[in-house]
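In what follows, a structure is listed as structure tokens, so that the remarks can point back to it.
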Amino acid sequence: MLLRIVFYIPKPHMLPLPLNEKQNAKPLLRALHTKSEDLWIRRGERQALKLFRAMAERVPAYKKFLKQNKVRPESIKIIKDFRKLPAIDKDNYLRKYPLPELCWDGKFSSERWTIASTSGSTGEPFYFPRQKKQDWQYALMAELYLLSNFSIDKKSTLYIDAFPLGPWIGGIFTYEAIRLVAEHGKYPLSIYTAGINKKEIIKAVRKFGPFFDQIIIGCYGPFLKDALDDGVREGLDWSVYPIKFVFSAEGFTEEFRDYVLKLVGKPDPFLSTLNHYGTVDLGTMSHETPLAILTRRLALADKNLYSAVFNNSQKLPTITQFLPEQFYFEEVQGGLYCSADSGLPLVRYNLKDNGGVFTLEQLKKLYTDNGYSLRTEVSKNKLDKTIWQLPFVYVYERNDFSISLYAFQIYPETIRRALQVSQFESQVTGKFTMQVIYDKAMNQGFEVNVELKSSVKATEKLNKDIVGVLTSALLLENSEFQKTHDEIGARIEPKIILWPYEDLTFFRPGTKQQWVIKNKIN
């Protein structure tokens with residue numbers, strides 16, 4: 001008798017639900033290309049309902065929350081019911097109940113956690129515990145984009161983890177995820193934990209760069225720009241090394257993306273960079289894909305298209321794609337909710353972020369209605385093999401990170417774009433802090449503190465040039481500023497203060513840049 005051995009390989013549509021620990025990323029990657037977006041959305045809906053039912057049964061705080069809001073768990077049967085559930089947030093849920101009651105089965109001290117802190121930029125810091133499951137969630141997401149964008153299965157790779165190490169989530173969470181990717185996938189992938197240390201990034205590239213096919217630097221954007229500029233000043237030719245970037249923590253302009261790519265001699269914005277959308281609350285939730293970057297760049301080049309897609313002319317969003325069964329996003333009145341089995345499981349959690357959600361099919365239609373074919377643009381940029389059939393979530397900078405001047409908002413994004421013009425490339429770092437000020441008569445003013453590059457001196461001409469460029473940008477982008485400027489003239493124009501490189505007043509090295517300071521009286 002002949003013995004026939006059959007090796008069974010699951011088909012993509014038979015991938016387990018939910019995607020679990022040690023999931024094989026390669027079948028999933030194939031499925032993201034080939035299976036319909038509707039399939040992924042349905043899987044996400046099923047998982048969101050499953051998470052709700054489990055929380056209603058096993059999380060003491062959520063049981064109490066539902067009872068207080070007169071919600072009967074058994075009445076939530078379909079996704080339409082789910083969307084009527086009251087949202088939770090830090091104030092009505094996380095700060096209201098004792099920490100153990102927010103955990104599965106009320107267990108905290110008997111479990112194993114890694115605990116991270118928020119930055120406290122919008123108030124008192126909050127501490128979020130997470131477990132190995134969240135490391136695997138991030139690892140699966142990272143493995144997908146490291147395979148799709150960076151071909152880590154074919155190239156020896158050094159990942160320089162330059163996110164903050166310590167109580168913040170970025171550096172440690174990234175280290176754990178990348179280590180799991182390397183070990184589980186048996187990829188030639190090495191990690192160097194530089195943290196927020198520019199000299200360590202430069203040293204790592206110089207010392208280890210020649211031994212790898214590529215170097216990926218994971219970093220907070222403004223800090224990376226400083227590190228690249230310092231390297232140039234120290235005689236390092238970044239273009240000698242095959243360097244690519246993974247960003248997180250905040251959005252940035254396409255001018256910034258082009259600037260850092262130019263410094264390292266990489267012309268391709270689609271496969272050499274990506275940005276994450278993440279929070280300490282839930283971890284890394286989504287990320288830019290080549291298609292997301294392409295759609296953003298196309299929209300920025302056409303005002304009508306931009307308005308049609310994003311409905312906001314003053315703020316620049318980060319646009320990403322997400323896997324609904326890991327992180328189920330909803331758009332509610334211009335804000336974002338997310339449901340996920342995070343360290344503290346959260347259902348319909350109000351992220352307090354402004355933004356929106358749309359499907360790939362909706363996006364295609366928006367572009368078609370405005371005279372663009374996404375299929376044609378994808379082919380033109382040779383991105384056909386990178387397209388994922390997933391929905392999009394986009395996020396704007398929070399209103400907390402804006403200033404209110406004469407009752408209207410000014411957002412850091414406008415100032416960032418203005419400072420990143422080629423005219424100022426050799427003179428300013430791009431970092432700034434802005435605030436509303438008052439004179440003795442209590443008239444409002446607008447102050448922007450700008451960091452100079454190393455060895456650059458403040459001059460009256462540079463100050464005047466920056467005032468002119470910033471004022472022009474505000475007049476162009478902000479209709480309320482324009483109207484107020486027509487009425488009161490130069491008094492509303494920004495007052496620029498130029499500071500030496502890394503001055504401790506506003507630009508302390510090794511910390512996250514504070515773009516906005518609330519009111520100051522002169």
> Restricted to segment 35-49, and to residues that are of a type outside the set (D, E, K, R) and not in a loop (DSSP other than H, G, I, E, B), which residue is surrounded by the fewest Cβ atoms within 10 Å (Cβ to Cβ)?
Replying inline: Leu39
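Every residue, every condition in (1) touching a helix residue (DSSP H, G or I) at 6+ places or on another chain (Cβ under 8 Å); (2) in a loop (DSSP other than H, G, I, E, B); (3) under 30 Å from Pro210 (Cβ atoms); (4) at pLDDT below 90, yes or no:
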residue	(1), (2), (3), (4)
Phe108	yes, yes, no, no
Ala116	yes, no, no, yes
Asp135	yes, no, no, no
Glu143	yes, no, yes, no
Lys154	no, yes, yes, no
Ile160	yes, no, yes, no
Ile178	yes, no, yes, no
> Out of segment 448-471, which residues are more than 28 Å from the chain's Cα centre (by Cα) and not β-branched (Val, Ile, Thr)?
Replying inline: Ser454, Ser455, Lys457, Ala458, Glu460, Lys461, Leu462, Asn463, Lys464, Asp465, Gly468
> Across segment 501-522, what is the total count of residues that are modelled with pLDDT under 80 and part of a loop (DSSP other than H, G, I, E, B)?
Replying inline: 4
> Of everything in segment 143-165 that's of a type in the set (Gly, Ala, Ser) and in contact (Cβ under 8 Å) with a residue 40 or more places away in the chain, which residue is surrounded by the most Cβ atoms within 10 Å (Cβ to Cβ)?
Replying inline: Ala162
> Does Phe128 fit the bill of being in contact with an Asp or Glu (Cβ under 8 Å, 6 or more places away or on another chain) and within 27 Å of Thr511 (Cα to Cα)?
Replying inline: yes
>> Looking only at segment 292-316, filter to residues that are in a loop (DSSP other than H, G, I, E, B) and modelled with pLDDT under 90; which one of those is surrounded by the most Cβ atoms within 10 Å (Cβ to Cβ)?
In response: Leu316
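Table: residues versus (1) under 26 Å from Phe223 (Cα atoms); (2) polar (S, T, N, Q); (3) modelled with pLDDT of 85 or more.
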site	(1), (2), (3)
Lys453	yes, no, yes
Thr459	yes, yes, yes
Gly489	no, no, no
Glu493	no, no, yes
> In segment 166-176, which residue that is within 18 Å of the chain's Cα centre (by Cα) and farther than 25 Å from Pro210 by Cα is surrounded by the fewest Cβ atoms within 10 Å (Cβ to Cβ)?
Replying inline: Trp168
> Of all the strands (runs of 3 or more DSSP E) wholly in segment 333-440, which have at least 2 residues that are crowded, with 17+ Cβ neighbours inside 10 Å?
Replying inline: 335-340, 346-358, 392-395, 403-405, 428-438
> Within the set of pairs 6+ apart or on separate chains, which have a first residue in segment 326-341 that is among the aliphatic types (A, V, I, L, M), a second that is not in a strand (DSSP E or B), and C-beta atoms under 7 Å apart?
Replying inline: Ala340/Leu282; Ala340/Gln326; Ala340/Phe327
> Could you say which residue among Tyr337, Tyr396, Tyr438 is in contact with a Lys or Arg (Cβ under 8 Å, 6 or more places away or on another chain) and modelled with pLDDT of 95 or more?
Replying inline: Tyr337
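For (1) among the aliphatic types (A, V, I, L, M); (2) touching a Leu at 6+ places or on another chain (Cβ under 7 Å), each residue gets a yes or a no:
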residue	(1), (2)
Lys64	no, no
Gln68	no, no
Ile78	yes, no
Arg112	no, no
Trp136	no, yes
Glu143	no, no
Lys155	no, no
Leu158	yes, no
> Looking at segment 489-499, which of its residues are touching a residue at least 40 places away in the same chain (Cβ under 8 Å) and either crowded, with 18+ Cβ neighbours inside 10 Å or assigned to a helix (DSSP H, G or I) (or both)?
Replying inline: Arg491, Ile492, Glu493, Pro494, Ile496, Leu498, Trp499
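The values are calculated or read from the model by the stated rules, or taken from the named source; none is laboratory data. What you are looking at is a predicted structure, and each value in this text was computed from that prediction instead of being measured. When we count neighbours, we look across all protein chains shown, and the Cβ atoms used for this are built from the backbone with ideal geometry, even at glycine.
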